[in-house]
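Data first, discussion second: the structure below is written as structure tokens.
The values are calculated or read from the model by the stated rules, or taken from the named source; none is laboratory data. Note that the coordinates shown come from a computational prediction; the quantities given were computed from them, not determined experimentally. Heads up, the Cβs are rebuilt from the backbone with ideal geometry, glycines too, and the neighbour counts pull from every protein chain shown. Heavy atoms of the whole protein, side chains included, go into the accessibility calculation; ligands, DNA and RNA do not. Shrake-Rupley method; radii C 1.70, N 1.55, O 1.52, S 1.80 Å.
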Amino acid sequence: MKGALRIGSVSGIKIEVHWTFTLLLIWVAFLEIQKGSELNRILLNEALIFVLFICVVLHELGHALTAKKFGVKTKNILLLPIGGVATLEKMPEKPAQELLIALAGPAVNVLIAVLLLLVVPVRSYFNFDSIVLEEMLYEPTLQNFLFYLFIANVMLVVFNLIPAFPMDGGRVLRALLSFKLGRVTATDIAASIGQGLAFLFFVLGLFFNPFLILIALFIFLGAYGENQMVKQGDLLKGHLVKEATLTNITRLQPDNNLQEVIDILLAGTEKDFVVIENQKIIGILTQKDIIKNVKTPSVLVRDIMQKKFKTVDVSMEIIKVLQIKGKENNDFYPVVENGKLVGAIDTTNISEFILLKTASL
């Protein structure tokens, strides 16, 4: 992801932190300075954030490694100020598998909380009145640090099990409903519940804490996006690439220069091109490649085309193309039949195909 720094990998899964994570550290330090806190207190809070986000990474690894057991790869784990995101290539459609993957993350936090419970006298904290407890917790001690970490992991479990997408609880609810109702209906119900909770958080945010408004937006968009994605996937089932193939495409030659390509691009609606030589596909030229080299219009296509590319067969299901796109992060693919080029397919045309199929229902 743009703006993300890779900090390591586990079992082939890239772990990245987004640059906005530093804003969280600055914001926490600023709040403590405003309160007149000593340096030890500021450093304790900064350290707590770092360790808590290690717990978040472990939470996401719980999802990722469980998914791996079911043959689902994870592209990366990204740390953001609001938490972590594990980008799975796909979510298993079998309810039992999705249920285990969804529960694996919170289970990691439960385990961490249980281990902390063994070393932190949590009960003793509740034997004091609120004033004494507040003064005691303000002290920058190791025991207080571990107590805060225990509470944070408990809160992570509770928050993530809210039955709303994109939280784990939404996927747990969907998986449980899928056993009886099927994935599409289950997703629709779970998404509706999630959007209802988002509305509740929004109202509470107006009266109590503006941060709840941000959470409400996060939940609402997550629920809506998941519902749309599942509906589109169901709509595309059984439909083949040949039904959405762009057949009227320009076939570039490697000796065409970039100015010739620019003229074609401006004269029509094509923005990505297939490059052929002796009836063989040897590369693709995308709009990004054209823009990147626009200052040198005399450069030849062969020198700027992408030589590593994937082709898709006319008999492949369209949903498989979207899965390939998720892995490759590419929007344009040459379409072949018996090894010969017959056209191309891109996400724009797939979207138009979905719109037409939706309108015809």
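Could you list, ordered by first residue, the pairs with Cβ atoms under 8 Å in which the first is in the stretch 115-142 and among the aromatic types (Phe, Trp, Tyr) and the second is at pLDDT 75 or above, at least 6 apart or interchain?
That search, which allows pairs on different chains as well, returns Tyr125/Phe147; Tyr138/Arg41.
With the checklist (1) touching a residue at least 60 places away in the same chain (Cβ under 8 Å); (2) exposed (fewer than 15 other Cβ atoms within 10 Å of the Cβ) in hand, flag the one item Ile101 doesn't pass.
Among (1) touching a residue at least 60 places away in the same chain (Cβ under 8 Å); (2) exposed (fewer than 15 other Cβ atoms within 10 Å of the Cβ), the lone unmet condition for Ile101 is (2).
Would you mind stating whether Leu79 is within 13 Å of Asn153 (Cβ to Cβ) and modelled with pLDDT under 85?
On the way: within 13 Å of Asn153 (Cβ to Cβ): no; modelled with pLDDT under 85: yes.
In short, no.
Of everything in the stretch 1-19, what is crowded, with 16+ Cβ neighbours inside 10 Å and touching an Asp or Glu at 6+ places or on another chain (Cβ under 6 Å)? Give them in sequence order.
Scanning the stretch 1-19 gives a single hit, Ala4.
Quick one: which residue in Leu39, Leu31 is of a type outside the set (D, E, K, R) and either under 22 Å from Ile7 (Cα atoms) or open to solvent by less than 70 Å² (accessible area, probe 1.4 Å) (or both)?
Leu31
Suppose we keep only residues that are among the hydrophobic types (A, V, I, L, M, F, W, C) and within 18 Å of Leu177 (Cα to Cα) within the stretch 214-245. Which one would you say is least open to solvent (accessible area, probe 1.4 Å)?
Of everything passing the filter in the stretch 214-245, Ala223 is least open to solvent (accessible area, probe 1.4 Å).
Could you please find all residues in the stretch 201-213 being of a type outside the set (Gly, Ala, Ser) and surrounded by 14 or more Cβ atoms within 10 Å (Cβ to Cβ)?
Phe201, Phe202, Leu204, Leu212, Ile213 - these are the residues of the stretch 201-213 that are of a type outside the set (Gly, Ala, Ser) and surrounded by 14 or more Cβ atoms within 10 Å (Cβ to Cβ).
Among the numbered criteria (1) polar (S, T, N, Q); (2) under 23 Å from Phe147 (Cβ atoms); (3) surrounded by fewer than 17 Cβ atoms within 10 Å (Cβ to Cβ), which one does Thr22 miss?
Answer for Thr22: the failing condition is (2).
Check the stretch 316-328 and report whether any residue there is in contact with a Pro (Cβ under 7 Å, 6 or more places away or on another chain) and free of Cβ contacts under 8 Å to residues at least 60 places away in the same chain.
Going residue by residue through the stretch 316-328, those that are in contact with a Pro (Cβ under 7 Å, 6 or more places away or on another chain) are none.
No, there is no match, as no residue in the stretch 316-328 is in contact with a Pro (Cβ under 7 Å, 6 or more places away or on another chain) and free of Cβ contacts under 8 Å to residues at least 60 places away in the same chain.
Looking at (1) at pLDDT 90 or above; (2) open to solvent by less than 60 Å² (accessible area, probe 1.4 Å), can you tell me which one Lys295 breaks?
(2)
Go over the candidates Ile319, Ile304 one by one and state the one that is under 21 Å from Lys75 (Cβ atoms) and either surrounded by 12 or more Cβ atoms within 10 Å (Cβ to Cβ) or modelled with pLDDT of 90 or more (or both).
Result: Ile319 is the single residue among Ile319, Ile304 that is under 21 Å from Lys75 (Cβ atoms) and either surrounded by 12 or more Cβ atoms within 10 Å (Cβ to Cβ) or modelled with pLDDT of 90 or more (or both).
From the list Val157, Val184, which residue is touching a residue at least 40 places away in the same chain (Cβ under 8 Å), in a helix (DSSP H, G or I) and within 25 Å of Ile49 (Cβ to Cβ)?
Step by step, each of Val157, Val184 is checked, and only Val157 is touching a residue at least 40 places away in the same chain (Cβ under 8 Å), in a helix (DSSP H, G or I) and within 25 Å of Ile49 (Cβ to Cβ).
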